[in-house]
Amino acid sequence: MKWKMKEIVLTVILAVACGVIYLGWSTLWIPISALVGPMGAHFMFGIWVIASPITACIIRKPGAAFISETAAAAVELLTGSHFGLSALMVGVFQGIGAEIAFALFRYKRYHVSVLMLSGALAACGSMAYNLLANGFSYYTAEVLVSTLVIQVISGILLGGLLAKVVVGSLVKTGVLDQYEIMKERRKQGHADEYVSGL
Amino acid sequence: MKGNHSWLSSLNPACKLFAHLLVMFMLMAISDFRETLAIWLLAVAIGISIGGWRISYLLKRLLPYFGFFVMIFWMMAAFGKGEETIWSWAWFHVTKESVSHGLTISLRMLGFVTYGLLFTSTTDLTSFIMSLIHQCRLSPKWAYGLLAGFRFIPLFQSELSQMKAAHKIRGYKQKNSWKAFARYSLPLFTQGIRKSERIAIAMEARGFTGSRDRTYYQTTKLAGKDFVYFIGLMVVVFGVWMAGFVL
Amino acid sequence: MQTNMYLGCNHLSVRFYQHRKKIVDDITLSIHPGEKLLILGPSGCGKSTLISALSGIIPEFLDAEVTGEVVRRERAGVMFQDPDSQFCMLHVDEEIAFSLENRRIPRGKMDEMISDVMDKAGLNIDKRTSIESLSGGMKQRLALACILALDPEVLFFDEPTAQLDPQGRIEIFELLKNLSRQTGQTMVFVEHVLDGCIEWMDRVILLNKDGRMIGSGKPEEVLREFDAEIKEAGIWRPKLFPVKWNDVVENHDHPVSAELTRFIETRSEEHRFVGGNPMIRVEDATIGYGKKAIVQDLNLTIHKGEWISIVGKNGSGKSTFLKSLARLESLRKGKIYFLEKELSKWPDVELYEKAGFVFQNPELQFIADMVFEEIAFGGRQRNWTEEQIQEKTHQLLREFGLEAHRDAHPFTLSLGQKRRLSVATMLLFDQDVLLLDEPTFGQDEKTAKELIKKLKERQAQGTTIIMVTHDMNLVDQCSDKVLLLKNGKAAYYGTPYSLFMNEVLLEDSSLVPPLHYKLVHARKELSLV
């Protein structure tokens, strides 16, 4: 499927917006984790994977989930994240995880459950990266499992569900009218989806 | 992202980025804090000698990260496991192993930041994107799309801080994290989507098709000095790493 | 359909898929080579859509249902209204080169062509200047340079000055006028401010809110015949046209001249309101970040119930000073007293019950998902009773004409409604002071006037109003005092009358006074000659 220019710019700009928010989230994360330990802070994980479900749900093209998460991570890296390359690498793994969810449904279903699945798989991707690269091998097995569980839950709620809420609000404001998400709604004959005025 | 007239900023951006990414990979593989320290110091030395950094600039840019350094060190040191307990209180548990591990992780963080800064402070964003087109075969459609989007980083940052000021006046405090996210993201996203549509239309209205069939105002090439920097950096970093095994 | 049509459309209708109604309805239009055409209509009437269809943006890049025929020129350039969202590069030369690259111009020819279009567009700056650092007016010049680099047969302008201050607008129109004289190019405009452009248009067409064409003809004819419709559409009608300025100046018996003279007399005699007790006292204030001071050594007192306008060029420190009054910028030196207590000693909650701040972009300050809750927010936070919240919120909804939208999401409102809502949210506690950052910027005449009316009503009830603005008519009509900032320093603080009568000051800060003052100055010059 060929990408339209406006879809490309939209993907990049959403990724940039997410990247800027991620950076704020990262600076919030450190003091919290220094206080309650990394375990408690893992509840905040889900926000870092929200770029994928939001973009994929709007654009509905193969690659949207992966590209947006990777680009958001790159923005975080370029604007001076203390996670440095890890931010980018985690972004890549999370993006792959999220992409798998949409690929499983052949890029045809963007129900909230698929978005939640993408959040969960992104959490798994993040864990895969940590196992490959980082200090996680340093922790015990129970810690690992509970981290994964917490991150998956957070990915489902803060990533998938929240993405649905955000996209829902965006749809109401009418800014998405020119994108695939609204086109499909129109095709399905939601005559009541017309926006008045504007 | 701007160039700064240093020798480092005259290098091919894609090649420089690749070199720094490789160093970051090696940093991830190294688990000894002395080697990590040495590689971090190397970045500082490169910055000062050929990166055009002044000491004052270095301090200004890195100082905020020393706070993180301390916090990350503490986080790794106080929640780790290990045999030789040095100090423990409440749920904090500091051991000899966790201290050394904490030092490695926090120095690695500093290393990431410094190598990242070494790239961003010496690279012009446009020539970086151009080198992605010319050296990495990125399609112009995506390359120019990236440029158009990256222009918005400062705009979004300033909007975020304006929003914080506006919320302060209205006495809004985020009690709940996901609500706070929705609150901050909605204005950014709606603005962003409107602007992205306008930009894409403006670009296409000016005849941009995204195909490779176009001429270029700026082109980037690979030169001898790029290989010198790349190989030099690799040899030194690899040397430090191997020195750890030998000693 | 005429086969030899140069540019135009035949029974053109456009409907965006998500709307039931056509945005452009059955329009037939033929534009001749070299013609300057102006399209007018209320906001949302499909003016921009018509231009998009004529330039080919619809249906190629924007999806819409199009019926009827359109005749396009192959090479067209379009200039858009938002100076920030029509560029994709970082520096001036790269941006112009982007147009050339798309045309596959060889690299060797580019430098010459770039300096050529920069000349034509009046961009006398270094070509490596970063776009971010340009003012709105300079950005629009760059936009013009970029479309000239396309070597277009037709130029389309979609409200090119809507986001500029009056000075920038005058400069852009002047530039385009000269360009049209030199090249004789075909130009199609959509504008909602007519001063500066209507004088040199060949033809004006007027659309109604249903996207139908209701008028077409010479500018003065359309203005005369459709005065009521144009006013209703919220278009900023020309202050003079079709009257010529020279006639007004030279002929004392000219009706416009007599009217202006009468007007200025009422101005000079008018007894400006002198406020009550001091509300805000600024002593030796210096504001800025890092080493750079943005506002320096400011001393002034604002009294209760006054209306203060803050004017000055872009970058003179207007907004920074306004923000410092709401403690959004910190003082580096000096003191600000709010109600005789140092500003820095006020607790947040109490301070913002007494001082409201309306941001330039209202979206950034919205918190709730519903208009009603947006206004009620502060009351809920202070645990008001439900009864109290209902009463106060409904009163504000009525006052600002938002009752019909009480359940709507704030982001779905029109620009004017958003602005009114943002003012309403700042009046829940009947704040004593209202600080506004360019409240009428980018709005049409009708919505701007409505907002000003509301503010005047509030002032009559004792609210102190402090606003940054570029609109000198607004300054003249509403404010009791004007603060003129120049390079961060107060160049003037006093009545608008004395400011506008002071030619040296006006020239120094490139302020364009309202017409009645201009007439006084022009007459004076004439008598000297």
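The values are calculated or read from the model by the stated rules, or taken from the named source; none is laboratory data. None of the values given here were measured: they were computed from a predicted structure. Counting neighbours? That spans all protein chains shown, and the Cβs are built from the backbone with ideal geometry, glycine included.
Please state which of the following conditions C:Glu94 fails to meet, knowing it meets all the rest: (1) part of a loop (DSSP other than H, G, I, E, B); (2) under 24 Å from A:Lys4 (Cα atoms).
In the conditions (1) part of a loop (DSSP other than H, G, I, E, B); (2) under 24 Å from A:Lys4 (Cα atoms), C:Glu94 misses (1) alone.
Failed condition for C:Gly136, given (1) more than 7 Å from chain B (Cβ to nearest Cβ); (2) without any contact (Cβ under 8 Å) to a residue 40 or more places away in the chain; (3) not acidic (Asp, Glu), with all others met?
(2)
Taking region A:74-111 as the search range and keeping residues that are within 16 Å of the chain's Cα centre (by Cα) and within 12 Å of chain B (Cβ to nearest Cβ), which one is modelled with the highest pLDDT?
Per the criteria, the residue is A:Val92.
Are any residues in region B:105-126 among the aromatic types (Phe, Trp, Tyr) and more than 8 Å from every other protein chain (Cβ to nearest Cβ), and if so, which ones?
Our first condition is that a residue be among the aromatic types (Phe, Trp, Tyr); within region B:105-126, this holds for B:112, B:115, B:119.
Scanning region B:105-126 gives a single hit, B:Phe119.
Which of the helices (runs of 4 or more DSSP H) contained wholly in region C:372-477 include at least 2 residues that are more than 23 Å from the chain's Cα centre (by Cα), small (Gly, Ala, Ser) and at pLDDT below 90?
Details: elements: C:386-399, C:415-425, C:445-460.
Result: empty, no element qualifies.
Quick one: would you say B:Ile46 is over 29 Å from A:Ser33 (Cβ atoms), modelled with pLDDT of 90 or more and either of a type in the set (Lys, Arg) or in the same structural domain as B:Val235 (by TED's automatic domain parsing) (or both)? Please lay out each step first, then the result.
Numbers: over 29 Å from A:Ser33 (Cβ atoms): yes; modelled with pLDDT of 90 or more: yes; either of a type in the set (Lys, Arg) or in the same structural domain as B:Val235 (by TED's automatic domain parsing) (or both): yes.
Yes; evaluated as a whole, the condition is true for this residue.
Kindly indicate whether any position in region A:170-188 is over 21 Å from the mean Cα position of the chain (by Cα) and at pLDDT below 75.
no
Does B:Thr123 meet the test of being surrounded by 23 or more Cβ atoms within 10 Å (Cβ to Cβ) and in contact with a Ser or Thr (Cβ under 9 Å, 6 or more places away or on another chain)? Step through it out loud before you land on a result.
Numbers: surrounded by 23 or more Cβ atoms within 10 Å (Cβ to Cβ): yes; in contact with a Ser or Thr (Cβ under 9 Å, 6 or more places away or on another chain): yes.
Answer is yes for this residue.
Does any residue of region C:36-54 turn out to be surrounded by fewer than 21 Cβ atoms within 10 Å (Cβ to Cβ), within 14 Å of chain B (Cβ to nearest Cβ), out of contact with any Phe, Trp or Tyr (no Cβ under 8 Å at 6 or more places or on another chain) and more than 26 Å from C:Thr447 (Cβ to Cβ)?
Looking through region C:36-54, none of the residues is surrounded by fewer than 21 Cβ atoms within 10 Å (Cβ to Cβ), within 14 Å of chain B (Cβ to nearest Cβ), out of contact with any Phe, Trp or Tyr (no Cβ under 8 Å at 6 or more places or on another chain) and more than 26 Å from C:Thr447 (Cβ to Cβ).
Before we move on, is C:Ile131 surrounded by fewer than 18 Cβ atoms within 10 Å (Cβ to Cβ) and either within 17 Å of B:Ala202 (Cα to Cα) or more than 8 Å from chain B (Cβ to nearest Cβ) (or both)? I'd like the intermediate steps shown before the answer.
On the way: surrounded by fewer than 18 Cβ atoms within 10 Å (Cβ to Cβ): no; either within 17 Å of B:Ala202 (Cα to Cα) or more than 8 Å from chain B (Cβ to nearest Cβ) (or both): yes.
So C:Ile131 fails the test.
What's the number of the condition B:Trp87 fails, among (1) of a type in the set (Phe, Trp, Tyr); (2) modelled with pLDDT of 80 or more; (3) not in a loop (DSSP other than H, G, I, E, B)?
Among (1) of a type in the set (Phe, Trp, Tyr); (2) modelled with pLDDT of 80 or more; (3) not in a loop (DSSP other than H, G, I, E, B), B:Trp87 violates only (2).
Could you check region C:354-369 and list, in sequence order, the residues that are free of Cβ contacts under 8 Å to residues at least 40 places away in the same chain and assigned to a loop (DSSP other than H, G, I, E, B)? Show your work before the answer.
Kept after step one, since they are free of Cβ contacts under 8 Å to residues at least 40 places away in the same chain, are these residues of region C:354-369: C:361, C:364, C:367.
Answer for region C:354-369, where residues must be free of Cβ contacts under 8 Å to residues at least 40 places away in the same chain and assigned to a loop (DSSP other than H, G, I, E, B): C:Asn361, C:Ile367.
So, of the residues in region B:1-32 that are assigned to a helix (DSSP H, G or I) and away from chain A (no Cβ under 13 Å), which turns out to be surrounded by the fewest Cβ atoms within 10 Å (Cβ to Cβ)? It would help to see each step written out before you state the result.
Just the residues of region B:1-32 that are assigned to a helix (DSSP H, G or I), to begin with: B:8-10, B:13-29.
Narrowing further to those that are away from chain A (no Cβ under 13 Å): B:8-10, B:14-16.
Working: B:Leu8: 22, B:Ser9: 19, B:Ser10: 13, B:Ala14: 23, B:Cys15: 19, B:Lys16: 22.
Looking at residues that are assigned to a helix (DSSP H, G or I) and away from chain A (no Cβ under 13 Å), I get B:Ser10.
Those residues that are within 12 Å of another protein chain (Cβ to nearest Cβ), of a type in the set (Gly, Ala, Ser) and under 17 Å from A:Leu162 (Cα atoms), I need them from region A:44-71; list them, please. First the steps, then the outcome.
Filtering region A:44-71 down to residues within 12 Å of another protein chain (Cβ to nearest Cβ) leaves A:44-48, A:50-51, A:54-55, A:58-59, A:63, A:67-68, A:70-71.
Right, trim to of a type in the set (Gly, Ala, Ser) and you get A:46, A:51, A:63, A:68, A:71.
Passing the criteria: A:Gly46, A:Ala51, A:Ser68.
Which of the residues spanning region C:101-116 are assigned to a helix (DSSP H, G or I) and within 7 Å of chain B (Cβ to nearest Cβ)?
As a first pass, look at region C:101-116 and keep what is assigned to a helix (DSSP H, G or I): C:101-102, C:107-116.
Once the filter is applied, which keeps residues that are assigned to a helix (DSSP H, G or I) and within 7 Å of chain B (Cβ to nearest Cβ), region C:101-116 yields C:Glu101, C:Asn102, C:Arg107, C:Met110.
Can you confirm whether region B:216-236 contains a residue that is within 14 Å of chain A (Cβ to nearest Cβ) and either in a helix (DSSP H, G or I) or among the polar types (S, T, N, Q) (or both)?
Start the filter on region B:216-236 by keeping residues that are within 14 Å of chain A (Cβ to nearest Cβ), which leaves none.
No - not one qualifying residue is present in region B:216-236.
Residues checked against (1) under 17 Å from A:Gly46 (Cβ atoms); (2) free of Cβ contacts under 8 Å to residues at least 40 places away in the same chain; (3) among the hydrophobic types (A, V, I, L, M, F, W, C); (4) in contact with a Cys (Cβ under 8 Å, 6 or more places away or on another chain):
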site: A:Ile150; (1), (2), (3), (4): yes, no, yes, no
site: A:Gly155; (1), (2), (3), (4): yes, no, no, no
site: A:Ala163; (1), (2), (3), (4): yes, no, yes, yes
site: A:Ser169; (1), (2), (3), (4): no, yes, no, no
site: A:Lys172; (1), (2), (3), (4): no, yes, no, no
site: A:Glu180; (1), (2), (3), (4): no, no, no, no
site: A:Lys183; (1), (2), (3), (4): no, yes, no, no
site: A:Arg186; (1), (2), (3), (4): no, yes, no, no
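Of everything in region C:159-215 that's among the basic types (Lys, Arg) and within 27 Å of C:Lys22 (Cα to Cα), which residue is farthest from the chain's Cα centre (by Cα)? Spell out how you get there, then give the answer.
Pass one, region C:159-215, residues among the basic types (Lys, Arg): C:169, C:177, C:181, C:203, C:209, C:212.
Subsequent filtering for residues that are within 27 Å of C:Lys22 (Cα to Cα) retains C:203, C:209, C:212.
Numbers: C:Arg203: 24, C:Lys209: 21, C:Arg212: 26 Å.
Here the residue is C:Arg212.
Taking region C:183-213, which residues are without any contact (Cβ under 8 Å) to a residue 40 or more places away in the chain and loosely packed, with under 14 Cβ neighbours inside 10 Å? Spell out the reasoning first.
Within region C:183-213, the first condition is being without any contact (Cβ under 8 Å) to a residue 40 or more places away in the chain, and the residues that meet it are C:183, C:196.
Once the filter is applied, which keeps residues that are without any contact (Cβ under 8 Å) to a residue 40 or more places away in the chain and loosely packed, with under 14 Cβ neighbours inside 10 Å, region C:183-213 yields only C:Thr183.
Give C:Lys354, C:Lys335 a once-over and let me know the one that is of a type in the set (Lys, Arg), more than 11 Å from every other protein chain (Cβ to nearest Cβ) and over 18 Å from C:Thr425 (Cβ atoms).
Working: C:Lys354 fails: over 18 Å from C:Thr425 (Cβ atoms).
None of the other options fit; the residue is C:Lys335.
Looking at C:Cys88, C:Cys146, which one is part of a helix (DSSP H, G or I), under 25 Å from the mean Cα position of the chain (by Cα) and at the interface with another protein chain (Cβ under 7 Å from one of its Cβ atoms)?
Values: C:Cys88 fails: part of a helix (DSSP H, G or I).
Answer to the selection: C:Cys146.
Looking only at region B:144-196, which residues are buried (at least 18 other Cβ atoms within 10 Å of the Cβ), of a type in the set (Ser, Thr, Tyr) and facing chain A (nearest Cβ under 9 Å)?
Scanning region B:144-196 gives B:Tyr144, B:Tyr184, B:Ser185, B:Thr190, B:Ser196.
Being within 30 Å of B:Ser185 (Cβ to Cβ) and touching a strand residue (DSSP E or B) at 6+ places or on another chain (Cβ under 8 Å): is that true of C:Val423 here? Steps first, answer last, please.
Values: within 30 Å of B:Ser185 (Cβ to Cβ): yes; touching a strand residue (DSSP E or B) at 6+ places or on another chain (Cβ under 8 Å): yes.
The answer is yes for C:Val423.
So, in region A:1-14, of the ones that are more than 7 Å from chain B (Cβ to nearest Cβ) and assigned to a helix (DSSP H, G or I), which residue ends up surrounded by the fewest Cβ atoms within 10 Å (Cβ to Cβ)?
Applying the filter and picking the extreme gives A:Glu7.
Within region C:502-519, identify whether any single residue is under 27 Å from B:Gly171 (Cβ atoms), part of a loop (DSSP other than H, G, I, E, B) and within 24 Å of the chain's Cα centre (by Cα), and answer yes or no. Explain how you work it out, then say what you get.
Step one: list which residues in region C:502-519 are under 27 Å from B:Gly171 (Cβ atoms), which gives none.
Within region C:502-519 (the criterion being under 27 Å from B:Gly171 (Cβ atoms), part of a loop (DSSP other than H, G, I, E, B) and within 24 Å of the chain's Cα centre (by Cα)), the answer is no, since none of the residues qualifies.
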